[in-house]
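Each remark here refers to the structure printed beneath this line.
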Amino acid sequence: MALFPAFAGVAEAPDSGRKELDWLSNPSFCVGAITSLSRQTEEASKAPVSEGSPLTRSPLKSEPSDESDTNRKPKEAGRKKKKEKKKRRQREHHREARSRRRRSGSRGSEPGAGSERDRPSGGIRDSKGASEKPNHSRQNARLQTQDRLVVATWAVKAGTDREGVSDGSCHVGGHAPGPRCTAQGAVHIRERPSRKGVQENNAAADTGRHCVWLEDIQALTGETFRTDKKPDPANWEYKSLYRGEIARYKRKGDSCLGLNPKKQCVSWEGTSTEKKRSHKHTERYFTKKSVGLMSEAGLSVSRQPVAPSSQPLSFIPVGGVDDAAPPPASWLNPLGIYDQATTQWLQGQGPSEQESRPPDSQPDRECVLLKARVEEFNRKVRENPRDTELWMAFVAFQDEVMRSPGLYAVEEGEAETRKRSLRLVLEKKLAILERAIESNPSSVDLKLAKLKLCAEFWEPTTLLKEWQKLIFLHPNNTALWQKYLLFCQSQFSTFSVSKIQSLYGKCLSTLSAVRDGSIVSHPELPGTEEAMFALFLQQCHFLRQAGHSEKAVSLFQAMVDFTFFKPDSVQGLPTKGQVEFFEPFWDSGEPRAGEKGARGWRAWMHQQEWGGWVAVSPDDEDEEPEDEEQDIRDKTLPRWRIWLAAERSRDRRHWRPWRPDKARKQTEEDCEDPERQVLFDDLGQSLIRLSSPDLQFQLIAAFLQFLGVPSGFSPPASCLYLAMDENSIFDNELYDEKPLTFLDLSCSGVGCVGRMDPLGGRHWPRGPSREGEEFIRNVFHLALPLFAGRERSQLCVFWLRYEITKVIWCLHTKNKKRLKSLGKNCKKLAKNLLKEPDNRNSSCLWQQYAHLEWLLGNTEDARKVFEAALGTAGGGLADADLCELGLLYAALEAELSPPVGGAAPARAVRVLTGLAERGPSGPCPGQPSAVHVLKARKAYEHALEDCLAERRGPDQGLPDRLSRLVTLAKCFMLFQYLTVGVGAAARVYEQVFAGLRGSVSAEGAGLEGALEAVTLMHTSLLRFHGRVAAHPLAPLREALSEALRLYPGNQLLWRSYVQIQSKSHSASRTRRFFQAVTRSAKHLEPWLFAIEAERMRKRLVDAVQRVDGREVHATLPEIGLTHRIRALFESAMRSAHGSQCPLLWRMYLNFLVSLGNKERSKGVFYKALQNCPWAKALYMDAVEYFPDEMQEVVDLMTEKELRVRLPLEELELLLED
């Protein structure tokens, strides 16, 4: 059996005189610059090998061999006979092929079919010709002896007599062999090429340039062939085209069997035994590997301490090798040149144990300390297995352990592997948490930590099952429910709006059953009612962001009726029973909260018990057809622009649930969009009981804020960043213009219903349409009778402030026509509210009315309102509302006529002096006397000390006392600023800060909010002083920095800080401050404003570098701003609340699109969907940024059940019309 495919057809010849296998004559091992083996044999037969040409081209040694000379002539004679016989056989074969080709050409077939039939004939090698080659090789092998069997898997170039190019043949079904064999393990016997061989090669190359294709001719000629430029010698070196049959081997050594080492040498062109030397380029300092070296601890360098010398030295001595005393001469060291270690080695001794000990380096000391801490943790958790905080600290400590070099390394190089192995850290943490859970099976924190850790390497389905098990075990834990809902809400693969809405309903219904006592095994935990209200608000904002505004508004409507208009007959029932009684009212079609003629659930139930509902005749005068805006205004715009404009228009108009109008005899079938109808099944499980009066008022405030009324209500911290989806937090123009009297619109980044504006659009809390304005008025009319006292006054202030914001909007846009009508309506509303008996002495309403007159430009009328309000109230500094009124009056006067040259505005000082003297200020001209100013200052000081002392009283009435303290501190600071200076106002702030800061942690968030308000007043005074006088920015910068370290979630302080720091040329101080705050704070505002600060700087640099579209020299040299902003975005995404904040993803996507990197922007968009799949604003931005992907994005919205108000099919119909 042959060892190689080339010898598979060699058979033993019984009568062979020479038993020698001449492997060089085997055509399967011939490799050369040829394109056809048949052409080789023709050229070889015409030009036989001469005597003088050796077999090898480049012999290793040049000595002639007598034995080879004597045996050469008989070999050449036998070779000639074989070639002549082969040539005769080939001529007969070509003659038969030509005759077959003529017969096939005369039939007149198609060119394509004819070329296919002609391929196996003529100049093209057919299967018969291919089969004749091994037969011919087999005959040659029989004539050779088989004494020696050459074991090889390579091919050898035979010589110049086999080199040539075939004109009339080509290889079909495989690649033609190339000029060199590049297969693994191929060899070439080097020889010096002759001049004749070079000429033949050039001739063959010239012949190959004239290519005639088969498809271009009708009759085939002898010169027709194809050229394959990708040779594969294995196709004709072996009998099969299957690569699996090609011999694979590994060469051992450089020798070759069967070659004469004296005359021949082998040049291996496959894989060499020597390993290729990798040319490593020197890495720069900014590469990833070099940056990683920065985190490694360096080696400590120390020297022996030297005793201090009493004599003064003119130089610093440096200890070295020369300082050591030379060793004494001995018979082993006669010259004294060996050191101690060498001398001991010559003696056959080793160093002492103390000398052999390595020096105590810095990494060794760190390892010892870390090992000691590990042992301490193990001892503590063994002694106190119930301490969950200790277990959590032990888990967090594993990050520090894995960062240490080689603490657990047992082999060289293992330290670096362990240091960079994230999975190893996770597995070690998981093992610790499992031990902790075994000791504390009821600990929810440990189980949550385990689920958070397992999210890195568990499948989503497995993780979901573990969450469900945990919720089943702890159904009364509201924090666990909140995390579970957030987990399900952010899983893109399993997300759909209907699933998440049903989960919210299941959560609230389960917690309601816990509160009612239906679930006996789990008692109600403290704070359950507040947490349930936060979850309800989170569900409403989830529906709003998903585009289902009708369902969100219906949830608020149902909660208002379920909370404030509950019949007395169902008060004692559990929540589930009350919901069952509420369903008939919801399905009855009666007006609900916000709709015209709404009377509530109680009135409807009463009428049902006493004989039905009394039909009220509709008022025909007020009925007007609803003004429907056109969805498509300009059909010449691109298709994606038309869809975006129409979708946003419908979002703005159709946010209220559709109800059939009985006056117009409408039914449910008349609704064009069934999604606008809200059924009871969509909200029945989400109804909860609110028994706390504070939470009931917060429900109304949250509903008004949801509708766009600036009620000052902010969502709870648990769902604040989930609801943030617009960049209104960066709008600070009004605050910059009037820092003392700006109207806080509470633009916390949370959008209102009916708004799906693009990022960067200005947000103003105003009604979307005429129907929206009517809806908001109906809510106010329904809610005002529900409250009394301070809550009712606050509702009136909310209403009046809502109208004032529209006036401010018209002033900002300079729309004088609309300003006149809005101002008239707003004044009418204020007078009507003040006419009510409960509001006649309300200082808050008088304050808003006077401010409205001031904004409209009626300064004298506003002063009259202020003076009248201050004269009627006689509480003085003891009345917090009166102090607020006087503070606004004095601040408006100070901004109208700021202090110039040390002269304070007389009216402002007189107002603040009158507050301290508990009497009317009166319109007397001129500055108040120094005596009055001194008396007022003493009164402020005593009142402030009394308030600080009363703060330590009982908890009852604490909010009122804190409100009075804040207002009094503000008035005193403004008074000191106007009469003494900004330094005196700062000292008042320091006094209040020192009095309140010491007990903030003890008295809770109320005291923290009071201190934050005083700090905001202090920074506003510094900003105002910087506007009206030449004052350095250092005090303001320091005050803002200190305040932001204490209150990192205050957006007003961040706006001021970013605005101040944008005026500075050096950004290093700002970056260091942001880095310090973001490292310690858990809020998301530091990240957002750090990104905004860098973007403002980039816009400034771009504006300077690009003037009129031309590139100019950069006057603000900034390098890497783009990369810095991108790194800030990535770091913010890894924070606690960043990955689930739609606003942060929208900003990131907008920034990348502004750079022009569309591919990277698409990647960020799909990454955002993995974390916030419910945010419809992200999909709308994607349609705007990637218009070509509109169909895909809309289909994705439909798949995830997001609200699509204008399907693309309807858009096509509208465009056709």
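Residues that are closer than 30 Å to ALA906 by Cβ, part of a helix (DSSP H, G or I) and open to solvent by 40 Å² or more (accessible area, probe 1.4 Å) are absent from the range 1063-1074. Got at least one residue in the range 811-821 being more than 30 Å from ARG659 (Cα to Cα) and either open to solvent by less than 30 Å² (accessible area, probe 1.4 Å) or in contact with a Lys or Arg (Cβ under 8 Å, 6 or more places away or on another chain) (or both)? No - not one qualifying residue is present in the range 811-821.
Between a residue in the range 913-940 that is assigned to a helix (DSSP H, G or I) and any residue that is open to solvent by 90 Å² or more (accessible area, probe 1.4 Å) and modelled with pLDDT of 80 or more, which pairs come within a Cβ distance under 9 Å, given they are 6 or more apart or on different chains? Close Cβ pairs (under 9 Å, with a partner that is open to solvent by 90 Å² or more (accessible area, probe 1.4 Å) and modelled with pLDDT of 80 or more) amount to THR913/LYS935; ALA916/LYS935; ALA916/LYS938; GLU917/LYS935.
Against the test of being at pLDDT below 85, open to solvent by 70 Å² or more (accessible area, probe 1.4 Å) and in a loop (DSSP other than H, G, I, E, B), the options ASP620, ASP634 yield a single qualifying residue, ASP620. With respect to the conditions (1) open to solvent by 50 Å² or more (accessible area, probe 1.4 Å); (2) modelled with pLDDT under 90, ASN832 falls short on a single one, namely (2). Identify, by number, the condition in (1) more than 59 Å from the chain's Cα centre (by Cα); (2) at pLDDT 70 or above; (3) open to solvent by 50 Å² or more (accessible area, probe 1.4 Å) that ARG365 doesn't meet. For ARG365, the exception is condition (1). Of all the numbered requirements in (1) more than 19 Å from ARG659 (Cβ to Cβ); (2) in contact with a helix residue (DSSP H, G or I) (Cβ under 6 Å, 6 or more places away or on another chain); (3) at pLDDT below 90; (4) of a type outside the set (S, T, N, Q), HIS606 misses one, and that requirement is (2).
Checking each residue in the range 653-668 for being of a type in the set (A, V, I, L, M, F, W, C) and at pLDDT 80 or above picks out TRP655, TRP658. Condition first: under 24 Å from the mean Cα position of the chain (by Cα), open to solvent by 50 Å² or more (accessible area, probe 1.4 Å) and on the phi < 0 side of the Ramachandran plot. Can you find one or more residues in the range 504-521 that meet it? No: zero hits.
When the test is whether a residue is surrounded by 15 or more Cβ atoms within 10 Å (Cβ to Cβ), modelled with pLDDT under 90 and over 45 Å from the mean Cα position of the chain (by Cα), ARG937 does not pass it. Every test in (1) modelled with pLDDT under 70; (2) open to solvent by 50 Å² or more (accessible area, probe 1.4 Å); (3) in a helix (DSSP H, G or I) is passed by TRP345 save one, and that test is (1). Kindly evaluate PRO475 against the criterion of being over 27 Å from the mean Cα position of the chain (by Cα) and either in contact (Cβ under 8 Å) with a residue 40 or more places away in the chain or surrounded by 14 or more Cβ atoms within 10 Å (Cβ to Cβ) (or both). Considered against the rule, which asks whether it is over 27 Å from the mean Cα position of the chain (by Cα) and either in contact (Cβ under 8 Å) with a residue 40 or more places away in the chain or surrounded by 14 or more Cβ atoms within 10 Å (Cβ to Cβ) (or both), PRO475 comes out as yes. Does LEU1007 satisfy being at pLDDT below 85 and assigned to a helix (DSSP H, G or I)? Answer is yes for this residue. GLU1094 meets the conditions (1) more than 19 Å from THR1015 (Cα to Cα); (2) open to solvent by 20 Å² or more (accessible area, probe 1.4 Å); (3) within 20 Å of the chain's Cα centre (by Cα) in every case but one. The failed one is (2).
Looking across ALA1103, ALA1136, ALA1127, ALA1081, one residue alone is at pLDDT below 90, of a type in the set (Gly, Ala, Ser) and under 16 Å from the mean Cα position of the chain (by Cα). It is ALA1136.
Condition check ((1) at pLDDT below 85; (2) part of a helix (DSSP H, G or I); (3) farther than 21 Å from GLN1051 by Cβ; (4) open to solvent by 40 Å² or more (accessible area, probe 1.4 Å)) across all residues:
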residue: SER963; (1), (2), (3), (4): no, yes, yes, yes
residue: PHE975; (1), (2), (3), (4): no, yes, yes, no
residue: ARG987; (1), (2), (3), (4): no, yes, yes, yes
residue: ALA1002; (1), (2), (3), (4): yes, yes, yes, yes
residue: HIS1018; (1), (2), (3), (4): no, yes, no, no
residue: HIS1031; (1), (2), (3), (4): yes, no, yes, yes
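When every residue of the range 670-693 is checked against the conditions, at least one turns out to be more than 22 Å from PHE798 (Cα to Cα), assigned to a helix (DSSP H, G or I) and touching a Leu at 6+ places or on another chain (Cβ under 6 Å).
Here is a yes/no grid of residues against (1) more than 16 Å from the chain's Cα centre (by Cα); (2) open to solvent by less than 50 Å² (accessible area, probe 1.4 Å); (3) within 17 Å of GLU647 (Cβ to Cβ):
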| position | (1), (2), (3) |
| --- | --- |
| GLY1156 | yes, no, no |
| LYS1176 | yes, yes, yes |
| ALA1182 | no, yes, yes |
| ASP1195 | yes, no, yes |
| GLU1201 | yes, no, yes |
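Put simply, of LEU704, LEU722 the only residue that is open to solvent by less than 30 Å² (accessible area, probe 1.4 Å), under 31 Å from the mean Cα position of the chain (by Cα), closer than 26 Å to LEU485 by Cβ and at pLDDT 85 or above is LEU722. Restricting attention to the range 491-524, the residues being among the β-branched types (Val, Ile, Thr) and assigned to a helix (DSSP H, G or I) number 4. Scoring ARG689 on the criteria (1) open to solvent by less than 60 Å² (accessible area, probe 1.4 Å); (2) modelled with pLDDT of 90 or more leaves a single failure, condition (1).
The values are calculated or read from the model by the stated rules, or taken from the named source; none is laboratory data. No experiment lies behind these values; they were computed from the predicted model shown. Here the Cβ is made from the backbone with ideal geometry for all residues, glycine too, and neighbour counts use every protein chain on show. These accessible areas exclude ligands, DNA and RNA; they are computed on the full protein's heavy atoms, side chains included. Shrake-Rupley method; radii C 1.70, N 1.55, O 1.52, S 1.80 Å.
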